[in-house]
1. What figure, in Å² to the nearest 10, do you get for the accessible area of B:F75 with a 1.4 Å probe and non-protein molecules left out?
2. Report, by chain and number, residues whose modeled amide H sits under 5 Å from the one on B:K276, excluding near sequence neighbours (fewer than 5 apart, same chain).
3. For Cα pairs less than 8 Å apart in space and 6+ apart in sequence, what is the mean separation divided by the residue count of chain A, i.e. the relative contact order in percent?
4. What accessible area per residue comes out for region A:1-96, rounded to a whole number of Å², with a 1.4 Å probe?
5. Chains A and B: what accessible area do they bury, summed, in square angstrom to the nearest 100, with a 1.4 Å probe?
6. Quick one: ranking A:K25, B:K456 by accessible area, 1.4 Å probe, largest first, what do you get?
7. Per residue, how many Å² of accessible area does chain B show with a 1.4 Å probe?
8. Is there a quick way to get the dipole size of region B:389-467? I mean about its Cα centre, with the Cβ of Lys and Arg at +1 and of Asp and Glu at -1; what is the value in debye to the nearest 20?
Amino acid sequence: MKYIYVYPEKCTGCRECSIACSLAKFGECNPKKAAITIVRDEFNRYEFPIICYQCEDPVCLKFCHQNAYKIKDGVVIRDEDKCIGCRLCATLCPYNAVTTIDDEIIKCDLCDGDPKCVKYCSTGAIQYLDETEELEKRRKKMAERFLEIKN
Amino acid sequence: MFNGKLGVIDLSKNKVTIKQTSESLKKKFFGGRGLNSYYLYKLIKPGIDSFSPENVLIFGTGFLTGTLVPNSSRFNVSAKSPETGILGDSNCGGYFAAELRYAGFERLIIKGKAKNPSYIYVNDNKIEIKDANDYWGIDTTDVQQFLRKDLGQVEVACCGLAGENLVRFACVRTGVKNAAGRCGLGAVMGSKNLKAIAVRGTQGIKIKYPEEMLETVEHLKDYIMNSKITSILGSVGTPLLYEVSNTLGAIRTKNSQLNAWSVTLNAEEIEKFVEKMIGCSSCIVHCRHRNMLGGEGPEYTALGLLGANLGIKDPAKVIELNNVCNELGLDISSSGTILSWVFELYEKGVIDKKITEEELHFGDFELAKRLLYKISRREGFGNILAESTKNVARFGEKSKNYLIAVKGLPQSDPHDCRYIKAFALGIATSSRGADHLRSRPTLEIFLKLPKEVKEKIYGEGIPNDPTSYIAKEKTVYFSDNIFAVIDSLGICKFICHGFNSPHFVDYTWMKKLIHCASGWTVNEKDLENVGKRIIDIERMFNNREGVSRKDDSLPKRYFDDPMPLNLSKGHHIDRKEFDKLLTRYYKIRGWTNDGLVKKERVKELEALA
């Protein structure tokens, strides 16, 4: 299964990801109306992408009184017709990954397997990866670093 | 639709009016620098004092600013310059301009003078003039942090102590180091009792054809990312140019007494101080260094002008001076040029301790740092230095011989323009004085670029030799026009055709991007005409202030002193050849032989509404 992975150390703060998301979903360029948000503070020196991790046991789904959420092929999807806009999911999400603005509730749906945020990122700070391959890659890297230190 | 608002703020009357720029005017100038220059010409009466309430200060976002278009972060700040007395205009990146668009505004025109220290708060379609007593006297980073504490996640453009104290080369700052640096526009803020503009917006920019924009930008992004220059700029930033210029022997050193300096300021040395490379809004190049000494930078300009030009070799010290300028809100280009000028004047005995209060010499970091603080507070000798090039009147006519400035604006480019003739013509004719970002055909520096490539961009008959005067009017003419257009679209010059690369965003790309954003159909010729119109209206502003052929000149040293070191040894600018080049430039511009915009053209542009 492929998921979105974020690497804050590679994020430059430019927000092309958010702008692409808002353009694809709403036809406008607006980093605040997107499923991905870059929290950035150049004075305190950080850039940090926030996006839904598609939890296996998602709080948004569990607590939705209207049963507006469902999991389809590993992706947590909100049914707009069932949703009453109470914003409880946004309040409860442990990662603050559900955006609410202008009466819209915006949650990442992985763009049907072609996430725009990934496509428009210029540094690889947001990647769409197979979870097994990604884990193997990171474990291998860790092992190599471990051997390097040992030597 | 592209229907952002125009906010007109009269600080004297404490009044805000919200208007709209007509679509017909936008089609003639687009936005950013273009519309700013139009409004300056329209709203400023000739001959006024730049520090008087009659001066008009404009913050204008580019036509495409804040969109998905790569590197569309930019805005222009414009007013009559207190440093030069002619057109003052400066282009800036960061996050302020995009936020202004998201707050519903394309442009703010600020008139008059507030009774007390004030700031402007723009929040989703609303503009308020607010009391800034608590923010006055505070450095640029702190004031931005305090405003965020008080107002939430705002983006701020502000002046520092230098602006408050009317230092003629004070900049407008946003973020850690982004600056509308040139022409003393921070001092215009100070003269209006305006400390800052804080903006916050949640509205999007509606795009006419979203799918088409997604597709066009995807292709453009691949095209730009695949270029070698993009990855170099993204990893080391502008310092890469230091070594290029230095090897050639074209780094302004010790007020251009020398033309080469230490390898300790090469990009690989600067890289050691970089914590992370970051970007402006929508940027895919990310050339900004977050340095380990608490700030951002240095850019090539800081390395050259606060390093080589002051005789300083230690990169850590150059970075510290860079950070000090940013905190105080001083323009780095003018600071480095003015300091090196007085250092040489002191060495040559043109000025003495009666004026300077202490001994001046090159290579003294502590002295340079002390003087920067004194300038920002207008203390002692700093009060004199704060007058920038106007000091020719105080120091005497002889001092002018050593001043590296054109039309009263100290040269921004650390590049010594005696070798590459197109660079020399560029700084001589630029609408704001000695500045490289108006028309520098950077490609001239790449000596191995095939003749065909240059001819394809600039037109026929361009020799591959940068020291030749032949046809160089064409390279400057082309660059002047296209840079004016990119400045009006709000896109960074780093991805502009002909700035750093023979490829990138040309008129054809611009045409596509404009179409998907607004639905407007324009062709390449229309776009070139926008550039020509901007250059002409800026020239009209300057003509009205008395600028003519006599002012399109160069520092005396560029004519009379051959360069002493490296490849460029022996080169200088030949007065006769330069004069002929200038005549040819006026001719393709359609100006009179005295460098004036012709009457019929003036009439045509004045009639635009």
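The values are calculated or read from the model by the stated rules, or taken from the named source; none is laboratory data. Owing to the predicted nature of the structure, the values given are computational and were not obtained by experimental measurement. Using ideal geometry, Cβ is built from the backbone for each residue, glycine included, and neighbour counts are taken over all protein chains shown. To get the accessible areas, we keep the full protein, side chains included, count just its heavy atoms, and leave off ligands, DNA and RNA. Shrake-Rupley method; radii C 1.70, N 1.55, O 1.52, S 1.80 Å.
1. 0
2. The list, which skips near neighbours in sequence, is B:R290.
3. Working: 233 pairs, mean separation 44.3, N = 151.
Contact order relative to length: 29 percent.
4. Working: 4670 Å² over 96 residues.
I get 49 Å² per residue for this part.
5. 3200
6. Numbers: A:K25 70, B:K456 180 Å².
If we order A:K25, B:K456 from most to least accessible, we get B:K456, A:K25.
7. For chain B, the per-residue accessible area is 32 Å².
8. Values: 14 positive and 9 negative charges, 79 e Å.
The calculated dipole for region B:389-467 is roughly 380 debye.
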